[in-house]
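Read-outs: derived from the displayed coordinates by stated rules, not from any lab. Note that the structure is a prediction, hence the values are computed from the model and not measured. We place every Cβ from the backbone using ideal geometry, glycine too, and count neighbours over all the protein chains shown.
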Amino acid sequence: MDLNGFINRWSIWGSKVNSKLSILILFLLSIAYGLSDWIYSYFTFSEYILFFITLFLLSTFHFKLYKKQVLFISFIALFLIAHLLYHVFIARLPHWQLSLAAIIKLLFYITTLFMVINYIRVRSQIELFLKINNITAIFLVFIGLFIIILLYRESTIPQNVLWRFTRTDESSYYYESSQIIRSRSLFSEPAHFGFYLNSLLLANLFYWKKLKYNYLTIVLLTLGIISTFSYSMIFIMIIIYFCRLLDLYIKKRIAFRKWTYFVIALILLAVIYNWDIINVTVIQRTLAIISGEDISARIRLINSWQYVSRDTLLMGNGIGQTPIITNVYAYMLSDFGLIGFIGKLSLTAYISFKNWKFGIVFLLLNFAKGGYLSSGYWFMMIIFIIYGLVNRDHDSLKNIKDQ
């Protein structure tokens, strides 16, 4: 058998295997998003899963990148290399190895971002992917509530079993110095869990097709966000609902049905039942932010910019050189200087132009959580692109010419 014949037979076999395992791949992707804070050795569970999926798609000839995507990745790679060379030879960056590792990581995320989006769209699995993510998210919401019950009973199961690969310290689930326990499920922080749930809540509320049991999913996602008692994530959730109402008003489609009253009643019952906790975590927190006494808000909105200086304003301090902060825009200005900051603002403007609802939430999520080199951030990008920027008339790329 010649080489071409072997490749053709392998390709046919790969197509058969891929068609049977495509649902498994979507489940693995949804699980990877849910385990984005789990770390083993030097990598997150998400990165291990993405690496496995990448190898599988390469071996079955289903790793697809289009011309414009390859050009974009190449441009980013050249920029990052030039940026690194500047900091090594001109700015005399002492820990340039960190930047090199960050570049490899960032290029891996961007490449897998396009790979996943292309795979889902080519196979017309946009709707199925959302359903699978909803199943995973609901499971994580119940896991989060189960963990809260265990913690109130002073069980060590969360720390020894469920959180074995992530944080276990009390500050990650207690609300400040109080005895209020916040839901973080399998994530490292309540805000990270809320970040995950908000991205899926947005996708469900603005997906152009009506999904079965969608209303129940929305209720559970909402209750999950409330259970985090994360001020920033509850605020973003409210903005998402406001955008939904405004969108319906603009389209003159506001109508209260039976399920609407059911949803409102469930949420109100949850608020009333947890009023004492909500009063501490939301009402009193709002008053503290307004008065300027809240330290967390000050860190997120003001102190995140402390690593930006006049000397490094243009080119930044180097990729991966900024300590942990909770603001991606500050990361861009600190790591890449004005070039990266303007690029990030341009991306935000582009998303807002294509879909103003997703643009507003994208802006807020990037202010509420840092970590542009984390897998959770890039899974959020996948959700935003697929459900916010994809034209509803083009669920598939089959009829689209090479991009």
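Values for this structure:
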item	result
Contact order relative to length of the chain, as percent, for alpha carbon pairs under 8 angstrom and 6 or more apart	20
Nearest-0.05 FRET efficiency for L98 and S155, computed from C-beta distance (R0 30 Å)	0.20
Distance violations [Cα-Cα > 29 Å] among K67/K212; K209/K354; K105/K212; K20/K212; K20/K357	K67/K212; K105/K212; K20/K357
Per DSSP, loop chymotrypsin sites (Phe, Trp or Tyr not before Pro) in region 191-234 with at most 13 further Cβ within 10 Å	W208, Y213
Quarter of the Cα convex hull surface for the chain, i.e. its orientation-mean projected area (nm²)	23.2
Contour minus Cα-Cα distance for F51 and K251 (0.36 nm per residue)	67.7 nm
Cleavage-rule hits, chymotrypsin sites (Phe, Trp or Tyr not before Pro), region 39-102, DSSP coil, Cβ neighbours within 10 Å at most 12	Y42
Simple Cβ-charge dipole of the chain, Lys/Arg +1 and Asp/Glu -1, about Cα centre, in debye nearest 20	1540
Cα shape, region 166-251, gyration tensor, a/c 1.5 rule	prolate
Residue among L216, L248, L26 with the largest mean-square fluctuation in a Gaussian network model of the chain, springs linking Cα atoms under 10 Å	L248
Globularity ratio of region 133-291, using Cα Rg and 2.2 N^0.38 Å	1.09
At R0 = 22 Å, FRET efficiency that the Cβ-Cβ distance of A77 and Y350 yields, to 0.05	0.60
Inter-probe distance in nm under a simple model that places probes 7 Å from Cα toward Cβ, at V271 and I238	0.9
Within region 123-204, GluC sites (Glu not before Pro) in DSSP loop having at most 14 other beta-carbon neighbours inside 10 Å	E154, E176
